[in-house]
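Read through the structure below, which is laid out as structure tokens, and then see the notes.
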Amino acid sequence: MRWFGAALVTSLLHIGSALAATEPAILDVAAVPKLDAAGRTSYARFTAINLPRAFALSPEGRSGWFGGAGTIEDARAKALKSCADKGGSNCALYAEDLRVVWPGRPPGDLPTVPGPLIQTIDYAFIPDPRFIWHGPAAAVGIYVWGHGKHGFADSRGLQPQNHVRAFNNAGFDIVRFDRAPSHDYEDYAADWLREGLAAFRKQGWRKIVVGGQSRGGWSSLQILNVAGLADAVIAISPALLGGSTGSDNSATMYSYVHAIRAPTTRVAIAQFTGDEYVYNMDRRIALYREELPSRVVALLMIDRPPGITGHGGGSTAAFAHGYADCLLHFVMDAVPPASCPPPKP
């Protein structure tokens, strides 16, 4: 499994240790015993993937890991096997999920993840327990993530996309914007999101990022008609309805873009070749490029990156490998990058 390159991961962890109030034990690459430079790069990659995950280590410094799919039992077994396959003897688990489990090493206490910050019968804003929690006083910021909509399938509880892990490692709290499918209409969702973001600003988070996939990304763009709700928006394959209805809602998107009044908000949008919910991608990209720069403080377009295709391209390992670091720097740097460099192989 290939994820972040060594230089990219070093950058992510440097940002996290520099900005977070305290560095959880799981993120302390230097504390892992016996590892050489290549092993530390491997461990840094491990910290950048979604749960479940496990990292195994041998007394002579061989290591192996697995994560991002299956169960924690699968991850443990595959990490131990990977370590043994690389010549490790007596391989044991060093870390799993968010904790260090190495014998004799204090695991480090993590802050308790609270329950829903806002909860109604129709929607909720829920701190995701698969991410490290800091709280508004200690966190660098909050990243509110909205899931897609698949008819009346229930998408609540889905783990946010892999690139969100980079923000958590850098000190952001991660909150899911979960919506009940039976009431998840676009204008309702946008209103709920506006109210939630305003509440989080009052609760003291210093930087507010809102993002999402498909309908979640669409809702994130909708909130931009109210200035100051978010410091950054990350819309991944934003969509409302698509092929099954015979419309990609271009007129609706046009009206939303022209309603944007967000002079202090940075906006990043990712679109992929073969997205079945956008019939004329050239026209959609042109709309963003022509209209958004005058309505937001900065625009970052990830425009049909090579090798990543389809409406779900943002959920892939390739997208996280190539663009999580760029998105983090777009949100955090004093002067945001205008484009993302080509991903390293």
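Every read-out reported here was derived from the displayed coordinates using simple, explicitly stated rules and does not represent laboratory data. Note that this is a predicted model, so its numbers are computed, not measured. Cβ atoms come from the backbone with ideal geometry, glycine included; neighbour counts cover every protein chain shown.
Output the 0 to 90 degree angle, nearest 10, between the alpha-carbon long axis of helix 37-47 and the longest principal axis computed from the alpha carbons of the chain.
50
Shape call for the range 25-100 from the C-alpha gyration tensor, a ≥ b ≥ c root eigenvalues: rounded (a/c under 1.5), prolate (a/b greater than b/c) or oblate?
Values: a/c = 1.80, a/b = 1.15, b/c = 1.56.
The shape class here is oblate.
Label-point separation (nm) for Arg105 and Tyr254, each offset 7 Å from Cα along Cα-to-Cβ?
Placing both labels 7 Å beyond Cα along the Cβ direction yields 5.7 nm.
Checking the a/c ratio against 1.5 first, then a/b against b/c, what shape does the Cα gyration tensor give for the range 175-226?
Working: a/c = 1.79, a/b = 1.66, b/c = 1.08.
Cα axes put the range 175-226 in the prolate bin.
Can you sort Asp173, Asp36, Asp97, Asp275 by how many other beta carbons sit within 10 Å, fewest first? All intermediate terms of the calculation are to be shown ahead of the outcome.
Numbers: Asp173 27, Asp36 10, Asp97 15, Asp275 22.
Ranked by crowding around the Cβ, least crowded first: Asp36, Asp97, Asp275, Asp173.
Under a straight-distance cross-link criterion of Cα-Cα below 13 Å, which aspartates and glutamates are reachable from Lys207, leaving out those fewer than 8 residues away in the same chain?
Output for Lys207: Asp173, Asp231, Asp333.
Test of understanding: ordering Thr120, Thr47, Thr252 by Cβ neighbours within 10 Å, fewest first, what list do you get? Could you put the intermediate results ahead of the total?
Working: Thr120 11, Thr47 27, Thr252 15.
Ranked by crowding around the Cβ, least crowded first: Thr120, Thr252, Thr47.
Taking the simple approach of a point 7 Å from Cα along Cα-to-Cβ for both Ala199 and Lys344, what is their distance in nm?
Result for the modelled spin labels: 4.2 nm.
Using DSSP loop states and a limit of at most 13 other Cβ atoms within 10 Å to flag GluC sites (Glu not before Pro), what is the longest stretch of the chain containing no flagged site? Provide the component values of the computation, followed by the final result.
On the way: sites that count: Glu60, Glu276.
The segment 61-275 is the longest one with no such site.
Which of the lysines could a cross-linker span from Lys78 if the Cα-Cα distance has to be under 18 Å and same-chain partners fewer than 8 positions apart are dropped?
Reachable lysines: Lys86.
Using only Cα atoms and rounding to the nearest 10 degrees, what angle (0 to 90) does helix 317-332 make with the longest principal axis of the chain?
The helix 317-332 is inclined about 70 degrees to the chain.
Can you compute the modelled spin-label distance between Ala37 and Asp191, with each label point 7 Å from Cα toward Cβ, in nm?
So the label points at Ala37 and Asp191 sit 5.8 nm apart.
Taking Lys81 as the anchor, which lysines have their alpha carbon closer than 26 Å to its alpha carbon, excluding any fewer than eight residues away along the same chain?
Hits, sequence-local ones excluded: Lys34.
For a test of the definition: using alpha carbon positions, the gyration tensor, and the 1.5 limit on a/c, classify the range 118-332 as rounded, prolate or oblate.
Values: a/c = 1.32, a/b = 1.25, b/c = 1.06.
Rounded.
So, by mean Cβ neighbours within 10 angstrom, what's the order for 305-314, 84-93, 263-272 with the highest one leading?
Numbers: 305-314: 18.3, 84-93: 15.0, 263-272: 21.3.
Ranking, from highest mean packing down: 263-272, 305-314, 84-93.
With only Lys, Arg, Asp and Glu charged, each at its Cβ (+1 for the first two, -1 for the last two), find how big the charge dipole of the chain is about the Cα centre; round to the nearest 20 debye.
Details: 32 positive and 30 negative charges, 125 e Å.
The calculation lands at about 600 debye.
Among Ser82, Ala324, Pro52, flag the residue with its Cα farthest along the positive direction of the charge dipole of the chain, charges on Cβ as +1 for Lys/Arg and -1 for Asp/Glu.
Farthest towards the positive pole: Ser82.
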